[in-house]
Amino acid sequence: MDKLPKIMGIVDVFVFAATTLAIAGVFYEGMTLKWYDFVGALVICMDYSFMPATILHLLADRKEKTIWIHLFSLLIIIIAVIMKFATVEYPAITLVLWYFYIWFFYGYLIIKRYLIKH
């Protein structure tokens, strides 16, 4: 289990980078008022990296204070999957909050790991 914290550092950076690119892509779409196919791919990368990262964090961080936030993330993922299969429309604000929740939380995890000395 010694390798898991190192893997989680890489995963956290990947999720944060994918989220940053997805937010930038959505912002760019809004600025140009056009739809770009690559933005959808960026959002998919963000979502499908966030899901396994959450599960890995539940395993790696089970004795840390952030476990509750990871459980909340898992709950959000379960609700989103249920809404997707039930074909319930997401309100636009929900997606904005989703993007920024992931972005701020994984930014915090990176700062906690690399900048805050234990």
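The values are calculated or read from the model by the stated rules, or taken from the named source; none is laboratory data. Model, not experiment: these values are computed from the prediction. Cβ coordinates were reconstructed from backbone atoms using ideal geometry, including for glycine residues, and neighbour counts include every protein chain displayed. Note: accessible area is taken over every heavy atom of the protein model, side chains too, but ligands, DNA and RNA are not part of it. Shrake-Rupley method; radii C 1.70, N 1.55, O 1.52, S 1.80 Å.
Kindly provide the set of residues from region 15-34 that are open to solvent by less than 70 Å² (accessible area, probe 1.4 Å) and either touching a Ser or Thr at 6+ places or on another chain (Cβ under 6 Å) or over 20 Å from I77 (Cα atoms) (or both), ordered by number.
Across region 15-34, the qualifying residues are V15, A18, A24, G25, V26, E29, G30, T32.
Which of the residues spanning region 47-74 are within 27 Å of F27 (Cα to Cα) and open to solvent by 40 Å² or more (accessible area, probe 1.4 Å)?
Scanning region 47-74 gives Y48, M51, P52, I69, F72, L74.
Could you pull out the residue among A17, A53, A41, A24 that is without any contact (Cβ under 8 Å) to a residue 24 or more places away in the chain and under 12 Å from I102 (Cβ atoms)? Give the derivation first.
On the way: A53 fails: without any contact (Cβ under 8 Å) to a residue 24 or more places away in the chain; A41 fails: under 12 Å from I102 (Cβ atoms); A24 fails: under 12 Å from I102 (Cβ atoms).
A17 is the lone residue from the list that is without any contact (Cβ under 8 Å) to a residue 24 or more places away in the chain and under 12 Å from I102 (Cβ atoms).
Could you tell me which of the residues D12, D37 is acidic (D, E) and surrounded by fewer than 18 Cβ atoms within 10 Å (Cβ to Cβ)?
Matching residue, one of D12, D37: D37.
Yes or no: T20 over 15 Å from L109 (Cα atoms) and polar (S, T, N, Q)?
no
Determine if region 90-97 includes at least one residue that is in contact (Cβ under 8 Å) with a residue 12 or more places away in the chain, farther than 15 Å from M46 by Cα, open to solvent by 50 Å² or more (accessible area, probe 1.4 Å) and touching a helix residue (DSSP H, G or I) at 6+ places or on another chain (Cβ under 9 Å).
Within region 90-97, none of the residues are in contact (Cβ under 8 Å) with a residue 12 or more places away in the chain, farther than 15 Å from M46 by Cα, open to solvent by 50 Å² or more (accessible area, probe 1.4 Å) and touching a helix residue (DSSP H, G or I) at 6+ places or on another chain (Cβ under 9 Å).
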